[in-house]
Amino acid sequence: MIFVMIAESDFLFFLMSPDLHYDLHAHSCVSDGVLTPTLLLERAASRQVDVLALTDHDDTRGLAEAAEAAARLGVRLVNGVEISVSWQKTTLHVVGLGIDPAHASLAEGLAAIRTGRRERAERIAVQLARFGVPDTLAGALRHAANPDLIGRMHFARDLVERGICKDVQSVFKRYLAKGRPGYVSHQWADMADAIGWIKASGGQAVLAHPGRYELGSGRLTQLLNEFRDAGGEAIEVVTGSHTPDQFIRFARLAREHGLLSSRGSDFHSPEEHWRDLGRLAKLPDICTPVWQNWSLA
Ligand code: AMP
Ligand code: MN
Ligand code: MN
Ligand code: MN
């Protein structure tokens, strides 16, 4: 009797494997999400996510708490991070999946990026004050559970709370998106370095939401080639940041460039229903999933 030798949960997992719900991009309050790692995992479990990657911006300090909650809830956790990168004059995000947060070069690289965030936040506050919105730094810090990881979303939440804009989208549109008064340029990590740290720590590098960068097709092709040549393995095809047309477009581009495909909500907050957990479309059939060779414990 082979069945008696397999734990019931493992056997159920085996039976259900073809339809596991993978969500490989989500944030906690360790970066600019609103939920603690524990509450994030609880929400994932209640919304039928089987495999969740916690991918906080430039910080891995939520992973230990997330692992405890995941074990208790029966969700499989993938150790992740979303690294801020400057490529040419464009800011990109590179997700690392299956990383080792204790790996020295990764940990040092992320620590260096975080140091720059505080100084950048001061410049954002100066710009906002110049355009009529004073005293935003303290407010943004109040929204940042992790003071080392202050970002534009924390400013956005402060401006909403003060009644200056009705929601965070409006804040980005009016103040914080590229070209708006509160946008400041910033030098993030080098793309090849970020991919190198991820790989050195045992992870896979995934180009996050490529449809968001507003690159013409020539520069997009150049980016995908450079990303792959530097050791990048996958791009996000199905993400809360893409339209269904973009799912197809990026599925084809992944295939053409010899890249695997990933899928992640980019969840930040229960209030942002369009990128909530547990609602992602499947990857198009032509995709090879980034998880194709994973063996989940
Ligand atoms: P930062 O790393 O500080 O530049 O912040 C980037 C984060 O801001 C992204 O991860 C999103 O969470 C958020 N963000 C950027 N653009 C927008 C937008 N147009 N609407 C809502 N959130 C945005
Ligand atoms: Mn974010
Ligand atoms: Mn991102
Ligand atoms: Mn993200």
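Numbers for the structure displayed
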quantity: Within segment 126-143, tally of residues that are open to solvent by 10 Å² or more (accessible area, probe 1.4 Å), without any contact (Cβ under 8 Å) to a residue 24 or more places away in the chain and either at negative phi or not charged (D, E, K, R) (or both); calculated: 9
quantity: Single match in V75, V85 (criterion: crowded, with 19+ Cβ neighbours inside 10 Å, in contact with a Leu (Cβ under 6 Å, 6 or more places away or on another chain) and under 18 Å from H21 (Cα atoms)); calculated: V75
quantity: Residue within segment 216-228 that is at pLDDT 95 or above, open to solvent by less than 40 Å² (accessible area, probe 1.4 Å) and assigned to a loop (DSSP other than H, G, I, E, B) present; calculated: no
quantity: When residues of segment 223-244 are limited to those that are farther than 26 Å from A200 by Cα and of a type outside the set (S, T, N, Q), the one nearest to the chain's Cα centre (by Cα); calculated: G240
quantity: Qualifying positions in segment 17-33 - within 11 Å of ligand 2 (Cβ to nearest atom) and among the hydrophobic types (A, V, I, L, M, F, W, C); calculated: A26
quantity: Top-ranked residue of segment 144-158 - restricted to ones that are within 12 Å of ligand 1 (Cβ to nearest atom), touching a helix residue (DSSP H, G or I) at 6+ places or on another chain (Cβ under 6 Å) and outside any loop (DSSP other than H, G, I, E, B), ranked as farthest from E119 (Cα to Cα); calculated: R157
quantity: Residue count, segment 32-47 (criterion: within 16 Å of ligand 1 (Cβ to nearest atom) and open to solvent by less than 30 Å² (accessible area, probe 1.4 Å)); calculated: 4
quantity: Filtered residues of segment 194-214 (kept if surrounded by 17 or more Cβ atoms within 10 Å (Cβ to Cβ) and within 16 Å of ligand 1 (Cβ to nearest atom)); calculated: A194, V206, L207, A208, H209, P210, G211
quantity: Residue within segment 100-110 that is over 23 Å from E271 (Cα atoms), open to solvent by less than 10 Å² (accessible area, probe 1.4 Å) and within 16 Å of ligand 4 (Cβ to nearest atom) present; calculated: yes
quantity: Residues that are in a loop (DSSP other than H, G, I, E, B) and either under 18 Å from Y213 (Cα atoms) or among the polar types (S, T, N, Q) (or both), drawn from segment 260-297; calculated: S265, D266, S269, T288, Q292, N293, S295
quantity: Hits in segment 24-73 (condition: in a helix (DSSP H, G or I), without any contact (Cβ under 8 Å) to a residue 40 or more places away in the chain, in contact with a Cys (Cβ under 9 Å, 6 or more places away or on another chain) and within 27 Å of A112 (Cβ to Cβ)); calculated: P37
quantity: Extreme residue, farthest from ligand 2 (Cβ to nearest atom), among residues of segment 168-190 that are in a helix (DSSP H, G or I) and of a type in the set (S, T, N, Q); calculated: S170
quantity: Every residue from segment 112-159 that is more than 14 Å from S31 (Cβ to Cβ) and of a type in the set (V, I, T); calculated: T115, I124, V126, V133, T136
quantity: Hits in segment 245-271 - residues which are among the acidic types (D, E) and under 20 Å from the mean Cα position of the chain (by Cα); calculated: D266, E271
quantity: Residues of segment 74-112 satisfying the condition of being part of a loop (DSSP other than H, G, I, E, B) and either within 13 Å of ligand 1 (Cβ to nearest atom) or within 30 Å of Q48 (Cα to Cα) (or both); calculated: G74, V75, G98, I99, D100, P101, A102
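The values are calculated or read from the model by the stated rules, or taken from the named source; none is laboratory data. Quick caveat, the model's predicted, so the values are computed rather than measured. Counting neighbours? That spans all protein chains shown, and the Cβs are built from the backbone with ideal geometry, glycine included. SASA here: full protein model, heavy atoms, side chains in, ligands and nucleic acids out. Shrake-Rupley method; radii C 1.70, N 1.55, O 1.52, S 1.80 Å.
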